[in-house]
Each structure stands twice: as C-alpha cells, then as structure tokens.
Amino acid sequence: MTVICAALLVIAVGTGDYPIAPGDVIATLLGHGDSATGFVVNTLRLPRALTALLVGAALGAAGALFQSISRNPLGSPDIIGFTYGSSAAAVFEIAVIGGGTAAIAAGSVVGGLLTAFAVYLLAWRRGGVSGYRLVLIGIGISAMLDALTNYLLSRARIEDVQESAVWLTGSLNGRGWEHVWPLVVALAVLLPPLLVLQRPLKLVEMGDDTARALGVGVERVRIGGLLVGTLLTAVATASAGPVAFVALAAPQIGRRLTRATGPGVVIAALTGSALLLASDVLAQRLFPSSPLPVGVMTGAIGGLYLVWLLTVESRKGRA
C-alpha cells in the first residue's frame with residue numbers, strides 16, 4: 001500500500017495542464033529539477049497531493065479506531081455524528097460569526113470534540129458503553145446536527161450559503177503548504193497514542209469481559225480511542241471539509257487486503273491515503289474543464305463499494 005501511495009503521488013503531481021514525466025517528477029522531488037518544473041511541482045501540485053495523503057491517513061486511522069471501539073463496521077465518524085458536529089460548527093462559524101479560515105478550522109475541531117463527548121455521555125449505561133448503543137446514539141445525534149446545519153443555511157446570506165456549500169462538499173482546491181504543516185504536526189502528536197492503543201483495542205474486540213480478565217482497562221482504552229479518533233477526524237475535517245466514506249471504507253478495505261485481526265490502524269491509514277489521493281486525481285482529470293470536489297468522487301466510490309460489498313455478502317448468504 002505504501003508503494004501504491006508513492007505511485008499515486010507521482011501521478012497526481014505529474015498530470016494536468018502542464019504534464020511532467022514520472023522521472024522528472026522524481027528528480028524534482030529529490031531537488032534535481034529545473035526551476036519551472038520545480039515551481040509547478042513544489043508550489044502548485046505537491047501541497048495538494050500531500051494534503052490528500054495526510055487527510056486520508058487521518059480519516060482511515062480514525063475509522064479503524066471507531067469501528068474497533070464500536071465493534072461495528074458502520075461505526076465510522078461519518079455515521080456516528082462526529083463529522084456532522086464539525087460541519088455544524090463550521091457552518092455556524094461561517095454563517096453566524098463570519099470567521100476566517102483559521103476560525104472555521106478551530107470551530108470544526110471544537111464541534112467534533114463536543115459531539116464526541118455528548119455521544120459518549122448519552123451512550124453510557126450501567127458502567128460502560130456498548131458499541132451498538134454508541135452507533136444508534138450517534139445516528140440520532142447526526143440527524144439532529146444535520147437539521148441544525150440546514151436551519152443555519154436557510155437563515156444565512158447567499159454568499160455564506162455558497163461558502164458553506166463548498167466547505168460541506170469536501171474539497172482540496174487551493175490547498176497549500178499552510179494546510180500541510182498543521183496536518184503533519186497533528187499526525188506526529190497523535191501517532192504514538194494511536195500505536196499504543198492498537199493492542200488493547202484488539203483485546204477489547206474480543207469482548208469486555210475477556211479484555212478485563214486479561215488486565216485491560218476497557219473504558220479507559222475506549223475513552224482514549226474515542227479521543228484520538230475524534231481529534232484525527234476533526235483535524236482532517238478542518239483541513240478538507242467533511243469528506244465522505246473514506247473513514248468508513250478504508251478500514252474494511254485494509255482488513256480485506258491483509259486479512260489481519262484487530263483495528264489495523266496503520267494499513268487503514270495507508271488505505272485512506274491511497275483512496276483519497278486516487279479520488280482527487282479522478283476528480284481533477286475526468287472533467288478537466290470543471291473539476292469536481294473530491295467529496296463528490298469519494299461519495300460515488302463509496303456508494304459503489306457498498307453495493308459491491310452487499311452483493312458479495314449476499315452471495316455468501318450473510319446479507
């Protein structure tokens with residue numbers, strides 16, 4: 001999957017109105033290209049491609065954490081409300097407060113964290129949280145936050161509605177190095193706890209009683225995973241908007257490729273990177289006169305993936 005991500009990076013940087021051969025792309029990335037190619041690669045295309053890789057990694061890892069915590073393949077931040085919380089907060093910032101890019105990103109992070117806290121609190125019952133209850137509460141909160149977002153849009157000025165619509169679609173247009181470095185810092189900070197949580201989460205997937213018998217603090221692990229996953233989702237959403245289906249599909253695709261047990265956050269992160277960058281390349285190249293927002297393409301690919309998954313499971317008699 002790492003090789004696929006590297007190949008997609010070369011394709012993303014080398015294609016467009018000013019095509020660059022793969023060898024020249026690699027030479028420029030290594031610091032041996034001419035000035036014109038260097039400007040196109042390092043200033044115009046590389047930041048967008050790196051943003052796609054990093055946002056995809058954050059969403060893929062977050063999806064793996066949430067699916068492991070909830071023990072449910074539908075337990076992704078798209079489904080259980082955290083992305084909706086970030087979206088509602090960002091639209092509130094745009095339509096009501098009128099904040100700039102930094103304020104919108106900060107509001108998105110705060111909205112995601114508050115939503116995660118509310119969902120966990122409402123899902124708490126008899127000394128613990130069940131994955132089934134977490135998903136159901138999250139779906140209910142998602143519906144409420146979606147209604148709030150639509151209400152804010154119905155009351156906003158047309159200029160704010162247009163800005164909100166672009167943000168809500170999920171887009172990588174205009175992404176530069178100022179979007180890359182915050183993502184690098186966030187992933188560098190969140191990667192160590194992410195790796196530490198892998199083993200206890202694998203035991204929690206075996207059942208709460210089994211995990212406790214093996215010495216795992218189930219609720220402590222669950223809260224830690226929820227916090228790290230929410231921060232990853234919020235950072236990714238603040239950078240590119242609520243990109244659909246990556247967090248839901250990447251962990252499942254990664255598990256099917258490796259046939260590994262446990263959360264598999266590393267392969268999920270790599271799969272998310274590849275999925276989002278490939279979607280962005282398709283979104284730009286299929287309709288070059290009017291490129292699509294990447295969120296439209298991930299939604300289309302995610303829908304096809306779900307149809308394929310249901311068909312396969314139906315043939316096996318499990319759906």
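Please enumerate the residues belonging to segment 151-188 that are surrounded by fewer than 17 Cβ atoms within 10 Å (Cβ to Cβ), modelled with pLDDT under 85 and either part of a loop (DSSP other than H, G, I, E, B) or of a type in the set (Gly, Ala, Ser) (or both).
Of everything in segment 151-188, those that are surrounded by fewer than 17 Cβ atoms within 10 Å (Cβ to Cβ), modelled with pLDDT under 85 and either part of a loop (DSSP other than H, G, I, E, B) or of a type in the set (Gly, Ala, Ser) (or both) turn out to be 165, 173, 174, 176.
Which numbered condition trips up residue 273, out of (1) farther than 21 Å from residue 185 by Cβ; (2) part of a helix (DSSP H, G or I)?
Among (1) farther than 21 Å from residue 185 by Cβ; (2) part of a helix (DSSP H, G or I), residue 273 violates only (1).
Tell me, yes or no, whether segment 133-141 has at least one residue that is open to solvent by 40 Å² or more (accessible area, probe 1.4 Å), part of a helix (DSSP H, G or I) and under 25 Å from residue 293 (Cα atoms).
no
Considering every residue within segment 270-286, establish whether at least one is open to solvent by 70 Å² or more (accessible area, probe 1.4 Å) and either under 11 Å from the mean Cα position of the chain (by Cα) or free of Cβ contacts under 8 Å to residues at least 24 places away in the same chain (or both).
Initial filter on segment 270-286 (open to solvent by 70 Å² or more (accessible area, probe 1.4 Å)): 282, 285-286.
Next, from what is left, pick out any that are either under 11 Å from the mean Cα position of the chain (by Cα) or free of Cβ contacts under 8 Å to residues at least 24 places away in the same chain (or both): 282, 286.
Yes, some residue in segment 270-286 is open to solvent by 70 Å² or more (accessible area, probe 1.4 Å) and either under 11 Å from the mean Cα position of the chain (by Cα) or free of Cβ contacts under 8 Å to residues at least 24 places away in the same chain (or both).
Could you tell me whether residue 301 is farther than 28 Å from residue 163 by Cβ and either in contact (Cβ under 8 Å) with a residue 12 or more places away in the chain or not hydrophobic (A, V, I, L, M, F, W, C) (or both)? Break it down stepwise before answering.
Values: farther than 28 Å from residue 163 by Cβ: no; either in contact (Cβ under 8 Å) with a residue 12 or more places away in the chain or not hydrophobic (A, V, I, L, M, F, W, C) (or both): yes.
No; evaluated as a whole, the condition is false for this residue.
Quick one: would you say residue 147 is modelled with pLDDT of 85 or more, under 16 Å from residue 77 (Cβ atoms) and open to solvent by 40 Å² or more (accessible area, probe 1.4 Å)?
On the way: modelled with pLDDT of 85 or more: yes; under 16 Å from residue 77 (Cβ atoms): no; open to solvent by 40 Å² or more (accessible area, probe 1.4 Å): yes.
No; evaluated as a whole, the condition is false for this residue.
Condition check ((1) crowded, with 17+ Cβ neighbours inside 10 Å; (2) at pLDDT 80 or above; (3) in contact with a strand residue (DSSP E or B) (Cβ under 8 Å, 6 or more places away or on another chain); (4) not in a helix (DSSP H, G or I)) across all residues:
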| residue | (1), (2), (3), (4) |
| --- | --- |
| 20 | yes, yes, no, yes |
| 25 | yes, yes, no, no |
| 28 | yes, yes, no, no |
| 44 | no, yes, no, no |
| 62 | yes, yes, no, no |
| 68 | yes, yes, no, no |
| 78 | yes, no, no, yes |
| 93 | yes, yes, no, no |
| 105 | yes, no, no, no |
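Which residue pairs have Cβ atoms closer than 7 Å, lie 6 or more positions apart in sequence or on different chains, and pair a first residue in segment 67-90 that is of a type in the set (D, E, K, R) with a second residue that is at pLDDT below 75 and open to solvent by less than 30 Å² (accessible area, probe 1.4 Å)?
Correct list of pairs: 71/131.
Taking segment 196-210, which residues are closer than 15 Å to residue 227 by Cα and open to solvent by 80 Å² or more (accessible area, probe 1.4 Å)?
196
How many residues does segment 30-42 hold that are under 25 Å from residue 275 (Cβ atoms) and either open to solvent by 30 Å² or more (accessible area, probe 1.4 Å) or not in a helix (DSSP H, G or I) (or both)?
Going through segment 30-42 one residue at a time, the tally reaches 1.
Filter segment 217-249 for residues that are touching a Ser or Thr at 6+ places or on another chain (Cβ under 9 Å) and outside any helix (DSSP H, G or I); which is most open to solvent (accessible area, probe 1.4 Å)?
Out of the qualifying residues, it is 245.
The values are calculated or read from the model by the stated rules, or taken from the named source; none is laboratory data. Computed from a predicted structure; not experimentally measured. Counting neighbours? That spans all protein chains shown, and the Cβs are built from the backbone with ideal geometry, glycine included. In case anyone asks, the SASA skips ligands and DNA or RNA and just uses the protein heavy atoms, side chains included. Shrake-Rupley method; radii C 1.70, N 1.55, O 1.52, S 1.80 Å.
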